[in-house]
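The structure appears below as structure tokens.
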Amino acid sequence: MATNTGRSESDRMQQETGFQRLVRRPESGAFSVMVVIIIALMIGSNGQAFNALGLKNNIAIIAQFGIIATGAAMLMIAGEFDLSIGSMIGFAGMSMAMMLKWGLPFGFGEATPFMAFAVTLCMTLFLGWLIGTIVVRSGLSSFIVTLAFLFFLRGVTEVAYRLINKSTQISGLQDFKETSWFAELLGGEVFGWFYDLWFMLGGNLNRREEQWVTGFDARFLWWLVIAGVAYFVLSRTQLGNWIYATGDNRDAARANGVPVNRVKIGLFMFTAFCATMFAACQVFDTNTSDAAKGNLMELNAIAIAVVGGTLMTGGFGSILGVVFGAITFGLVANAVFFIPWLDGSWYRVFVGAVLLAAVFANERIRKRITGGI
Amino acid sequence: MAMPLIHIENIVKKFGPFIALNGVSLDVRAGEVHALLGDNGAGKSTLIKVLAGVHQPTSGKIFIEGKEMHFRSPRDASDAGIGTVYQDLAINPLMSVTRNFFMGRELKGPFGTLRMDEMNQIAHDEMLKIGIDFSDPTQAVGTMSGGQRQTLAIARAIYFGAKVLILDEPTSALGQKQQMGVLKTMMRVRARGDIAIIFITHNEIHSQLVADRFTFLALGEVIGSGSKDDLEHDEIRRLMAGGVDIGDLAKEIDQVMAEASV
Ligand SMILES: Nc1ncnc2c1ncn2[C@@H]1O[C@H](COP(=O)(O)OP(=O)(O)O)[C@@H](O)[C@H]1O
Ligand SMILES: [Mg+2]
């Protein structure tokens with residue numbers, strides 16, 4: 001400021017260097033863990049984790065994690081949890097695959113991929129709305145309400161499979177990507193230019209010296225879109241301010257005219273949307289579905305959100321941190337494919353340890369921001 | 001004398017059988033600080049909640065600039081120009097100064113985007129007007145002192161159109177120096193001349209430093225009122241104690257001490 005009227009209270013804040021500011025950002029912890037994992041995996045797998053196919057496979061799972069963790073993080077910033085994400089994935093996958101195989105309900109004829117998706121999305125958005133409404137109207141903790149939906153939706157999914165399909169999985173659907181632009185959009189490939197370029201530069205070769213990989217899974221694009229929109233909304237829009245305010249101090253937000261109930265209900269619908277996108281990309285990519293899909297994904301999503309710097313108590317979080325968290329979790333979950341001697345259960349050991357460390361780190365961040373209260 | 005900005009008449013508020021306010025009347029003029037004093041439980045907070053639209057009065061009338069008002073919600077009251085700064089301030093500690101300042105009333109550009117630069121500038125300027133030069137409005141409110149938070153809440157209420165500013169015990173949770181800061185802030189608001197301030201406190205010294213008029217509540221009723229010049233210092237202390245003479249109190253205390261030393 002040009003006008004300096006002597007020493008004031010605000011002068012007592014210590015000036016920080018750019019580097020200090022960077023280190024103290026909420027996503028710095030997630031970033032360092034990610035870098036360590038990338039280097040470790042690079043060495044442990046002799047580079048295989050990041051060759052043309054390794055990269056594609058890693059990004060596939062990273063994008064899956066990223067999509068649902070973005071939804072979970074937004075909701076947590078507003079002060080609520082959603083434990084129904086995993087079951088919602090299973091439900092949405094069942095709904096789409098079932099319509100693709102058996103046609104639209106009530107004898108409306110064959111389902112196009114778009115119709116199957118649209119009808120499913122209507123149902124999942126309604127479920128998200130229902131969950132949100134129950135939470136805000138009853139004042140019950142979202143933990144218990146969404147736990148109920150975790151069981152309820154998984155059960156409905158299994159029952160529906162057995163009743164209509166006689167089996168809890170559907171495989172061998174026709175490859176809709178060949179006939180439907182919509183299926184291609186969700187289950188096809190994207191960023192082919194990246195692998196073309198890699199090939200032109202002399203890499204990305206298979207054994208016969210031809211181009212090996214032709215593109216990333218489409219869910220990579222959807223993850224970038226969802227994370228990008230979430231970042232924009234949180235940092236740049238009125239809605240973002242409302243989301244932070246709702247999670248930080250609900251009564252203060254309400255006293256200032258923020259429609260906290262509508263914000264929360266909207267975010268429960270957003271997590272349902274993210275779960276539906278997760279399921280749609282999977283169904284149209286593999287042309288299969290089964291009743292166990294999405295199992296435990298709600299807990300992965302919450303863990304990633306926390307590791308990315310989202311506070312369990314709401315009011316604070318970073319989409320960039322969630323991106324780093326998703327990359328880290330995806331790489332570790334996949335590591336077993338690139339490091340043959342590695343026991344896959346190390347993934348859960350890792351998640352537990354990192355989660356605990358992250359909770360402590362986040363608590364320090366919260367104390368620092370709130371001046372130690 | 002000018003018409004009072006806010007005039008309240010015979011406000012009664014019952015919570016079931018409990019009479020929290022029993023016919024309270026009060027006038028506040030623009031450019032005036034009106035201290036509302038009384039012991040804990042006297043009904044001060046209940047009165048301001050009625051004025052702020054949080055509670056509906058059982059009976060009684062509220063006039064703003066001569067027009068009778070019926071507040072059905074806090075929104076109604078704030079639309080009518082009543083800005084209330086509660087004890088808990090309605091502030092979000094994790095959010096920045098600017099985001100708090102505009103919470104619920106953000107300045108929007110296309111697609112619901114925030115006009116962040118403009119909002120930062122306004123938050124800075126409005127707070128400077130009443131006494132804090134906050135160089136970094138992107139700083140989290142959690143890092144501010146209690147007095148600064150108080151100033152933020154006051155600046156916000158004024159910027160969003162408060163004609164009647166109600167401050168509920170703004171100095172009670174603060175240290176000495178910050179208390180004076182808040183009193184100075186109040187005097188700057190008073191100096192604008194267009195805002196009526198209702199200052200709730202149970203600190204007689206603070207009220208004497210800034211108030212033009214006083215109203216004393218005890219057990220839900222007004223037990224005395226008057227302007228600064230009308231009231232003697234001892235009278236204020238007597239009314240503060242709920243109408244009991246300080247001399248009597250001193251005697252009672254002596255008596256207890258005598259009994260204790262036996
Ligand atoms: N919502 C309520 N329901 C019942 N009693 C209340 C309620 N709010 C306040 N009271 C009672 O009214 C009396 C006055 O309270 P209050 O206005 O908070 O006093 P003050 O702010 O002067 O300390 C107290 O005895 C309190 O217990
Ligand atoms: Mg009170």
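No lab work stands behind these numbers, since they all come straight from the coordinates. Quantities reported herein were computed from a predicted structural model and do not represent experimental measurements. Positions of Cβ are backbone-derived with ideal geometry, glycine not excepted, and every protein chain shown enters the neighbour counts.
Relative to the longest principal Cα axis of chain B, at what angle does helix B:176-192 sit, 0 to 90 degrees, rounded to 10?
70 degrees
Amide H neighbours of B:GLU221 under 5 Å, at least 5 residues apart or on other chains, H built in the peptide plane: list them.
B:ASN22
Starting from the Kirkwood Rh over alpha-carbon pairs, what translational D in µm² s⁻¹ does chain B have by Stokes-Einstein at 4 °C and 1.567 mPa s?
Approximately 66 µm²/s, per Stokes-Einstein.
How big is the C-alpha Rg of region B:109-262 next to the rule-of-thumb value 2.2 N^0.38 Å, as a ratio? Intermediate values should be presented prior to the final figure.
Working: Rg = 20.6 Å, N = 154, 2.2 N^0.38 = 14.9 Å.
Relative to the rule-of-thumb radius for its length, region B:109-262 sits at 1.38.
What is the Rg over Rh value, at two decimals, for region A:12-111, using alpha-carbon atoms and the Kirkwood definition of Rh?
The Rg/Rh ratio comes out at 1.18.
When each pair of different Cα atoms in region A:227-373 is counted once in the 1/r mean, what is the Kirkwood radius in angstroms, to one decimal? Walk me through the intermediate numbers first.
On the way: mean 1/r = 0.0577 Å⁻¹.
Its Kirkwood hydrodynamic radius stands at 17.3 Å.
So which lysines pass the test for B:LYS14, namely a Cα distance under 18 Å, with those fewer than 8 places away in the same chain ruled out?
Output for B:LYS14: B:LYS44, B:LYS49, B:LYS61.
Would you mind checking the tilt of helix B:116-129 against the longest principal axis of the Cα atoms of chain B, expressed as 0 to 90 degrees and rounded to 10?
Rounded to the nearest ten degrees, it is 30.
Evaluate the Kirkwood expression for the hydrodynamic radius of region A:146-279, namely the inverse of the mean inverse distance over all pairs of different C-alpha atoms, and round to one decimal in Å.
This gives a value of 19.2 Å.
Let me check I have the definition right: for region A:208-283, take the eigenvalues of the Cα gyration tensor, multiply each by 5, take square roots. What are those semi-axes in whole Å, largest first?
38, 14, 7
Run a plain Debye calculation on region B:77-126 (Cα atoms as equal point scatterers, no solvent) and give log10 I(q)/I(0) at q = 0.14 Å⁻¹, rounded to two decimals, same order as the q list.
Listed by q, the Debye log ratios stand at -0.43.
From largest to smallest, what semi-axes in whole angstrom does region A:158-231 give when each is the square root of 5 times an eigenvalue of its alpha carbon gyration tensor?
They are 33, 20, 11 Å, listed largest first.
Enumerate the helices in chain A for which the Kyte-Doolittle hydropathy averages -1.0 or more and the C-alpha atoms extend at least 18 Å along the helix's axis, using complete DSSP H runs.
Qualifying helices: A:28-44, A:52-77, A:85-102, A:113-138, A:142-160, A:218-236, A:260-286, A:319-338, A:346-369.
So what's the back-of-envelope 222 nm ellipticity for chain A, counting only DSSP H runs of four-plus at -39500 (n - 2.57) apiece and dividing by all residues, rounded to 500?
Result for chain A: -22000 deg cm²/dmol, rounded to the nearest 500.
Kindly give the semi-axes, whole Å and largest first, of the ellipsoid equivalent to the protein assembly as shown, taking each as the square root of 5 times a Cα gyration tensor eigenvalue.
Those come to 60, 28, 22 Å.
Please list, short to long, the whole-number percent of alpha-carbon pairs of region B:37-165 in consecutive 5 angstrom bins beginning at zero.
Final binned percentages: 2, 10, 18, 20, 16, 15, 11, 6, 2, 0, 0.
Quick check: net charge around A:MET88, other residues with Cβ under 11 Å of its Cβ, Lys/Arg +1 and Asp/Glu -1?
0
Starting from the amide H of B:GLY226, placed 1.01 Å from N in the peptide plane, find each other amide H under 5 Å away whose residue is 5 or more places distant or on another chain.
B:PHE214
Can you give the convex hull volume per residue for the Cα atoms of chain A, as a whole number of Å³?
184 Å³
Normalise the Cα radius of gyration of region B:164-227 by 2.2 N^0.38 Å (N = residues in it) and let me know the number.
On the way: Rg = 12.1 Å, N = 64, 2.2 N^0.38 = 10.7 Å.
Dividing the Cα radius of gyration by 2.2 N^0.38 Å gives 1.13.
Quick check: convex hull over the Cα atoms of region A:254-317, volume per residue in Å³, rounded to an integer?
105 Å³
Given a 10 angstrom Cα cut-off, can you work out which residue in A:ASP290, A:ASP196, A:ASP248 is the most mobile in a GNM of chain A?
Highest fluctuation among the options: A:ASP196.
When the Cα centres of region A:325-373 and region A:221-259 are compared, how far apart do they sit, in Å?
If we compute the Cα centre of each part, the gap is 25 Å.
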